[in-house]
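Working notes for the structure below.
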There are 2 protein chains.
Amino acid sequence: MNVDFVNPFLSSLQNVLSMMAQIDLQPGKPALKKDDRARGDVSGLIGMIGPQTKGSFSISFEEGLAIEIMHKMLGEKPASIDDDVIDMVGEITNMVTGGAKRILGDKGFEFNMASPVVVSGMNHTIKHRSDGPRIIMPFNHAAGKAFLEICFDKV
Amino acid sequence: MNVDFVNPFLSSLQNVLSMMAQIDLQPGKPALKKDDRARGDVSGLIGMIGPQTKGSFSISFEEGLAIEIMHKMLGEKPASIDDDVIDMVGEITNMVTGGAKRILGDKGFEFNMASPVVVSGMNHTIKHRSDGPRIIMPFNHAAGKAFLEICFDKV
């Protein structure tokens, strides 16, 4: 998996949160380790299928950051992760993947998106099971961390 | 979503666990409620895309049942959900979806599968965000419960 394929997801996540919630995430250091499962409190996942490859993408938020995004985006500040936060994470997942899909389409990488799924539960972990390498990218914010994960069979 | 589309997933799950682990799941009552999120300790998820529709499928296991399947399938009995259990749940997800895909293909419903993703974490919940109805099907076993969820945009 080359960096041209990963970068659109990173920049799309930063763009979506900056535009929708005026939140600037500070990118950390990407990692490739197999046993590095991202840990979050609410995660959006989406499956992707293209002519040459298939894979999965997820974005996990710590509770504090998810609630801060909700507050900035919609003016609400729930005490914990509720159904509105879950729906917001699903929408963010859709928007980030859609943004990455457009950028990649311009570069000749086409894929289709499945429907997003949102997982909630304190400290859950996610393991992508494609054959290819798993890229994990942490992001920092004063309100909490986010972890972007992407995995494709081969690109 | 008609029952012809859901049944292949139910029977495929029962077949896979019966053949691979000699475990017979007792099907409970399927439900359609929007707010009924399945609760499990380890879940396999997979995205699906067809020419007419897209959706997602998940199967969640309570810890006791996941460990019992591991024990029956591979002879190992870990104290809690470990990396081997997570991999096993990913494989089961692949096998169940593959089995359903074959049955549905024979009926003229074609779809492609994304890569499976496995979520672990006590009491996590899953929300499918397709536009269509979400079918939730509980299964009972002495060792614990399983919850199958399937959701498609339209069929």
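Quick note: the coordinates plus some simple rules give every number you see, no bench work behind them. As the structure is a prediction and not an experimental result, all values here were calculated from the model. A quick note on method: Cβ atoms are made from the backbone with ideal geometry, for glycine too, and the neighbour counts reach across all protein chains shown.
Could you work out the mean count of beta carbons from other protein chains within 10 Å of each residue's beta carbon in A:48-59? Before the final figure, lay out each step's value.
Details: counts 4, 9, 1, 0, 0, 1, 6, 4, 7, 3, 3, 0.
Mean shielding by partner chains, rounded to a whole number: 3.
If you split all Cα-Cα distances of the protein assembly as shown into 10 Å bins from zero, what percentages do you get per bin, shortest first?
P(r) for the protein assembly as shown, in whole percents per bin: 6, 30, 36, 22, 6, 0.
Over chain B, what is the mean sequence separation of C-alpha contacts under 8 Å (at least six apart), divided by residue count, expressed as relative contact order in percent? Don't skip to the answer; put the middle values down first.
Numbers: 316 pairs, mean separation 59.2, N = 155.
Reported as a whole number, the value is 38 percent.
Please compute the average number of Cβ atoms from other chains found within 10 Å of each residue's Cβ in peptide A:107-116. The partial results should precede the final answer.
Working: counts 0, 0, 0, 0, 2, 6, 4, 15, 15, 6.
Mean shielding by partner chains, rounded to a whole number: 5.
Across all directions of projection, what mean area in square nanometres is found for the Cα convex hull of region A:114-155? Spell out each step's value before the answer.
Details: hull surface 16.4 nm².
That works out to 4.1 nm².
Check which residues have an amide H placed less than 5 Å from A:Asp41's amide H, if you skip close sequence neighbours.
A:Phe61, A:Glu62, A:Glu63, A:Asn123
Taking the 0 to 90 degree range and rounding to the nearest ten, how far is the long axis of helix B:3-21 tilted relative to the main principal axis of chain B, both from C-alpha atoms?
Helix B:3-21 and the main axis of chain B meet at about 20 degrees.
Explain nothing, just compute: Karplus ³J(HN,Hα) = 6.51 cos²θ - 1.76 cosθ + 1.60, θ = phi - 60°, for every residue of region B:146-151 in order, whole Hz, x for Gly and Pro.
Karplus-based 3J(HN,Hα) across region B:146-151 equals 10, 10, 9, 10, 9, 8 Hz.
Return the chain A residue and its Cβ-to-axis distance, rounded to the nearest Å, for the rotation relating A to B.
Here the nearest residue and distance are A:Gly47, 1.
Summing Lys, Arg as +1 and Asp, Glu as -1, what charge do residues with Cβ under 12 Å from the Cβ of A:Asn140 carry, A:Asn140 excluded? If you can, show how the numbers build up before the last one.
Working: positive: A:Lys29, A:Lys145; negative: A:Asp24, A:Glu62.
Here the count lands on 0.
Going 7 Å from Cα along the Cα-Cβ axis for the label, what nanometre distances separate B:Lys29 from the same residue across the other copies?
5.5
Starting from the amide H of A:Gly132, placed 1.01 Å from N in the peptide plane, find each other amide H under 5 Å away whose residue is 5 or more places distant or on another chain.
A:Phe152, A:Asp153
Bin width 10 Å, origin at 0, all Cα-Cα pairs of region B:3-152: what percent of pairs per bin?
Pair shares across the bins are 12, 46, 34, 8, 0.
Once the label point is set 7 Å along the Cα-to-beta-carbon vector, what list of distances in nm do you get between B:Asp87 and its counterparts in the other copies?
Distances to the matching label points in the other copies: 4.1 nm.
With θ taken as phi - 60° and the coefficients 6.51, -1.76 and 1.60, list the Karplus ³J(HN,Hα) couplings across region B:55-64 in order, rounded to whole Hz; mark glycine and proline as x.
Per-residue couplings from phi come out as x, 8, 10, 9, 9, 10, 10, 6, 3, x Hz.
List the residues whose amide H sits under 5 Å from the amide H of B:Asn112, counting only those 5 or more places along or on another chain, with H placed 1.01 Å from N in the peptide plane.
B:Ile49, B:Gly50
So, by mean Cβ neighbours within 10 angstrom, what's the order for A:24-31, A:82-89 with the highest one leading?
Values: A:24-31: 12.9, A:82-89: 18.9.
Taking the mean over residues of other Cβ atoms within 10 Å, the ranking is A:82-89, A:24-31.
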